[in-house]
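One structure below.
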Amino acid sequence: MRLAEGRQEQPSAAIFDSPTLQSSPESGHRAGYDGVKRRKGSKIHLAVDTLGHLLTQLVTPADEQDRAQVDKLAAGVQEVTDQHVEVAFVGQGGLHQ
């Protein structure tokens, strides 16, 4: 897909984000409370390339710290891109929506 967009096959940059999804009754003990977003549920920690293509993701309870997931996301990005990503764009909190 990247080649069709006129880009290199592997990205050199990634964007990290972490939306919080509202819990459902099925979430049970997996849900946590995100005090910043005032929502009980799960966080999806995402890494995408600059075209928006998903590189890797992690799912945690919403009360997990975003900063604690950066190393895991970075390792996942480097694994799927054969170590090509040189820079990642993140919010002030480590990952922030």
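Scanning the range 36-90 for residues that are in contact with a Lys or Arg (Cβ under 8 Å, 6 or more places away or on another chain) and hydroxyl-bearing (Ser, Thr, Tyr) returns 42, 60. With the requirement that a residue be in contact (Cβ under 8 Å) with a residue 40 or more places away in the chain and not in a loop (DSSP other than H, G, I, E, B), what does the range 35-55 give you? 45, 47, 55, listed by residue number.
When the criteria are applied in full, residue 56 meets the requirement of being surrounded by 17 or more Cβ atoms within 10 Å (Cβ to Cβ), at pLDDT 90 or above and either in contact with a Gly (Cβ under 6 Å, 6 or more places away or on another chain) or closer than 23 Å to residue 29 by Cα (or both). Looking at the structure I just gave you, is residue 50 out of contact with any His (no Cβ under 8 Å at 6 or more places or on another chain), closer than 27 Å to residue 8 by Cβ and among the hydroxyl-bearing types (Ser, Thr, Tyr)? Against the criterion (out of contact with any His (no Cβ under 8 Å at 6 or more places or on another chain), closer than 27 Å to residue 8 by Cβ and among the hydroxyl-bearing types (Ser, Thr, Tyr)), residue 50 qualifies. Condition (residue is at pLDDT below 80, in a helix (DSSP H, G or I), among the acidic types (Asp, Glu) and surrounded by fewer than 17 Cβ atoms within 10 Å (Cβ to Cβ)) applied to the range 9-22: is it met by at least one residue? Looking through the range 9-22, none of the residues is at pLDDT below 80, in a helix (DSSP H, G or I), among the acidic types (Asp, Glu) and surrounded by fewer than 17 Cβ atoms within 10 Å (Cβ to Cβ). The lone criterion from (1) modelled with pLDDT of 80 or more; (2) over 30 Å from residue 83 (Cβ atoms); (3) of a type outside the set (Val, Ile, Thr); (4) surrounded by 16 or more Cβ atoms within 10 Å (Cβ to Cβ) left unmet by residue 42 is number (2).
The values are calculated or read from the model by the stated rules, or taken from the named source; none is laboratory data. A quick note: this is a predicted structure, and the numbers were derived from the prediction, not measured. FYI the Cβ positions are ideal-geometry reconstructions off the backbone, even for glycines, and counts take in every protein chain you see.
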